[in-house]
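Data block below; observations after.
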Amino acid sequence: MMTSSSRTMPPLRQGRQWLRTLLIMAGVALGIALASCPSCWANPRQLGVNLTLTFAYTVSLWLVNGYSVEWLDGYARWRTEPVKRLLLTVVVSLGGSLLVILLINYAFIVLYLGRPVQLLWEAGALGRYLFPLVFTCIVSLVLHSRSFLLSWREALVQNERLQKEMAQAEAETLRQQLDPHFMFNALNALTSLVEDEPKVAVRFIRQLSLVYRYVLDARGREVVPLHDELAFAESYLFLQRIRYGEALQVTMPAAAAVPPQAVVPPLSLQLLIENALKHNVATAAQPLQLRIELDAAGRHLRVVNTLRPRRVAPGESAGIGLPNLRGRYRHLTPEPVQVAHGEAEFSVTLPVLTLAAG
């Protein structure tokens, strides 16, 4: 049987595995042949025919059940559809095995012995099918039980990995939430505004309050409405524009284009915006262009920034924000976070999830 893991083996190792499997089957076939026909010891020709039939049954039934396991693993997995998988296992395993048994009997009785084909379904033919079917049940039980146990172990490992990734992501998110550099820069900007533009300073304080209120409300939540995440991004970007001025130019999607049931992990946009500001130079002469785009179907959110890389000081960036965001998404959906690094732009595309109604 060729499993997904054996397909990745080197050819030499695959050959050795096949040879070892065939030798085991030959030993099993020889044991069954001698046990089922003790008189064959005295008749080499009869022993050869019996051994050939037994080996044909053993190899064919093993391959049919082995490949059926591989096919069923890709069609209906034990973890997600156990009842459907069980029914398909019974139908495919017994149906395929019965077809193989019928073909072997046809080859032996009709082609080798030259007997009429009616002998395949005569009243006394039940014994020729019963023993191979019993053997099939044993082989099928072994192979499908192994598939079930491997699937169960894979689910445990994946669940443990996802829990670890979520814990790391939450720890990194918490670290970013309490990042003192952002508050230090915000207070510096506020100090200059209070003296020069008190009305703008009042708005700045309100937006800063909204940012930290959102951070506290989003803590511990897996997803938040996309409307709320975009509103938070607006407040966060307002604070950054006070600091950067004309050096930062941003476009946002229209609020009317956002589906009401759309959700994303909290602070996803803040992470991507912060990364763009942290890793690129932004000046009035060469402003940093930042675009937040929602596709027409409302299924993907894309954050694009122009590339003007700057050297990041040691300790300023741990380089784990984006991997942690990917880990949070793996916990929620099989659709990956897409990262594109071009010559002039860097983009990250986030899948937009849908909150089930009710």
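The values are calculated or read from the model by the stated rules, or taken from the named source; none is laboratory data. None of these values were measured; they are calculated from a predicted model. Every residue, glycine among them, receives a Cβ derived from its backbone with ideal geometry; neighbour counts consider all protein chains shown. For accessibility, only protein heavy atoms count, side chains too; no ligands or nucleic acids. Shrake-Rupley method; radii C 1.70, N 1.55, O 1.52, S 1.80 Å.
Only residues that are of a type in the set (D, E, K, R), closer than 15 Å to Val264 by Cβ and touching a strand residue (DSSP E or B) at 6+ places or on another chain (Cβ under 6 Å): list them for the stretch 290-313, please. Correct list: Glu293, Arg302. Inclusion of Glu293 among residues that are within 32 Å of the chain's Cα centre (by Cα) and open to solvent by 30 Å² or more (accessible area, probe 1.4 Å) is warranted.
Just to be sure before I move on: is Glu222 in contact (Cβ under 8 Å) with a residue 60 or more places away in the chain, open to solvent by 10 Å² or more (accessible area, probe 1.4 Å), within 26 Å of Thr333 (Cα to Cα) and in contact with a His (Cβ under 9 Å, 6 or more places away or on another chain) in the structure I sent? Yes.
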